[in-house]
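Read through the structure below, which is laid out as structure tokens, and then see the notes.
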Ligand SMILES: [Zn+2]
Ligand SMILES: [Zn+2]
């Protein structure tokens, strides 16, 4: 079968690969759509986390052998460790990601553990359904601060994760939802999806700020623009470094929280939520064009809000 394979630093290419063989309690999913994640665009620069040769792709949907339309939760958990027993399956001590630790969705077919598939609502299109995985990230991030009832929310970065955070925050009836990004096309999309204001950079104070970039500057901005006692939620993974004013964190009791992926329950919540929000902003391309699209996105193309590959 055909697959888009990460073969060396900076290189993805279409290759003929062996058909997947399902292990015990696994099934074959015929892939219909797989989103390209920002973490993959950055991830192919080195081999520290994703090890070539690898079929990446963790945002995918498709058909099981009995014809059921499913979303695949790509984050596996053991169900037995202390994190899993607390319900924090996203923090499982043995967690693995399809498309990182084992083959993912940039191929015609993929073997997945049976417990990772969730049936899709009938009405949803394949391309929109491929956004369920990013949407689940936003469901989780919002869940970390929902009890604070934030009314004045900032979002840094209007890529895919920023945009799904806009959808979830807008659905929670916040009063002010400001989205910052340096790309005008992305800000226009944020406005369509529910942002009340947009800017190149955040200004003023917010109850909660979601940093969906994770650069050094955005780490610092996400803290400096909090109100006293406010919370920064970090989803972006661009940089390991975070220069910020630690005294400001102490004196103003600011909170910084990491947000990684989603629990199994939150993934199901995202599947249920998907038909009720606007996920119609993908651009789809044949899988065969995957290498070209990867290189354009790595090169900085910003007119695509979400590239989805279809085998
Ligand atoms: Zn991702
Ligand atoms: Zn576990």
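Every number in this text was worked out from the coordinates using simple rules, so none of it is lab data. None of these values were measured; they are calculated from a predicted model. Every residue, glycine as well, gets a Cβ built from its backbone with ideal geometry; the counts of neighbours run over all protein chains shown.
If the requirement is being surrounded by fewer than 23 Cβ atoms within 10 Å (Cβ to Cβ), closer than 18 Å to residue 127 by Cβ and within 16 Å of ligand 1 (Cβ to nearest atom), which of these qualifies: 38, 57? Give the derivation first.
On the way: 57 fails: surrounded by fewer than 23 Cβ atoms within 10 Å (Cβ to Cβ).
Going through 38, 57 in turn, the sole match is 38.
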> Among the residues of region 273-290, which ones are loosely packed, with under 15 Cβ neighbours inside 10 Å and touching a strand residue (DSSP E or B) at 6+ places or on another chain (Cβ under 8 Å)?
Replying inline: 283, 286, 288
>> Just checking, does region 300-311 include any residue being in contact (Cβ under 8 Å) with a residue 40 or more places away in the chain, crowded, with 21+ Cβ neighbours inside 10 Å and out of contact with any helix residue (DSSP H, G or I) (no Cβ under 6 Å at 6 or more places or on another chain)?
In response: no
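Kindly evaluate residue 131 against the criterion of being buried (at least 20 other Cβ atoms within 10 Å of the Cβ) and touching a residue at least 24 places away in the same chain (Cβ under 8 Å). Give the derivation first.
Values: buried (at least 20 other Cβ atoms within 10 Å of the Cβ): yes; touching a residue at least 24 places away in the same chain (Cβ under 8 Å): yes.
Yes; evaluated as a whole, the condition is true for this residue.
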> From the list 208, 213, 233, which one is assigned to a strand (DSSP E or B) and under 24 Å from residue 43 (Cβ atoms)?
Replying inline: 233
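Can you pull out the residues in region 5-52 that are closer than 22 Å to residue 69 by Cβ and part of a strand (DSSP E or B)?
26, 27, 28, 29, 30, 31, 32, 33, 34, 35
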